[in-house]
Amino acid sequence: MRPERLGDMRIAIGAPGNGVLLKDALEERLAGDERVSDVVDLSAPDITYPEVSFRVARAVAEGRADRGVLICGTGVGTAIAANKVPGVRAATAHDLLTVRGSVENYDAQILCMGQNVIAAPAAWALIDIWLDLRHDPASNYGPKVGEIEAYEVHLHS
């Protein structure tokens, strides 16, 4: 279930060592945002990018978080790993068009970014917009997302 009211969004965030600086900057901003009710950092010292990605993705898949943010060097490794968790769609995005499409079109619950790719102010500007984005299942993309979900259910049954 996705929150619709201001202050209801629960965010899981995480990063391995090569994403900690950007993760910390974004976590601080998220914690102070009125749209966010809770920010849970699932990172740990010396954690690998696959493990932190699995942690964040499981939090989303299990309903303990509404969305997730993963930061590594490029945002690619975390997206690959998070997408291995059934029920999760993670997207790497560093520009407005891709961030918007990731949620509005593809219903991605996890945004992945690269500390080596984007500076904290630009990353926050995108996350600021991302927090307000919603997927419309009645859009042209709704049936395509449904097709992906059906394949995943078949694959894991």
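The values are calculated or read from the model by the stated rules, or taken from the named source; none is laboratory data. This is a predicted model, so every value here is computed, not measured. All Cβ positions, glycine included, derive from the backbone under ideal geometry; neighbour counts span all protein chains shown. Just so you know, the surface numbers come from the protein's heavy atoms only, side chains and all, with ligands and any DNA or RNA stripped out. Shrake-Rupley method; radii C 1.70, N 1.55, O 1.52, S 1.80 Å.
General observations
- Take residue 147: with every protein chain present and a 1.4 Å probe, its accessible area is about 130 Å².
- Residue-span extension gain [residue 34 to residue 122] - 0.36 nm each, minus C-alpha spacing: 29.7 nm
- Straightening the chain between residue 132 and residue 97 buys 11.2 nm, computed as 0.36 nm per residue apart minus the Cα-Cα spacing.
- Given charges at Cβ of Lys, Arg, Asp, Glu: the chain dipole, positive-most of 39, 57, 113: 57
- Given their separation in residues at 0.36 nm each and the Cα-Cα distance between them, residue 153 and residue 48 gain 35.0 nm when the chain is fully extended.
- When only Cα pairs below 8 angstrom with a gap of at least 6 residues are kept, the chain shows a relative contact order of 22 percent.
- Rg and Dmax over the alpha-carbon atoms of region 9-156 stand at 14.2, 43 Å.
- Region 1-75 and region 116-157: distance between their alpha carbon centers, rounded to Å: 15 Å
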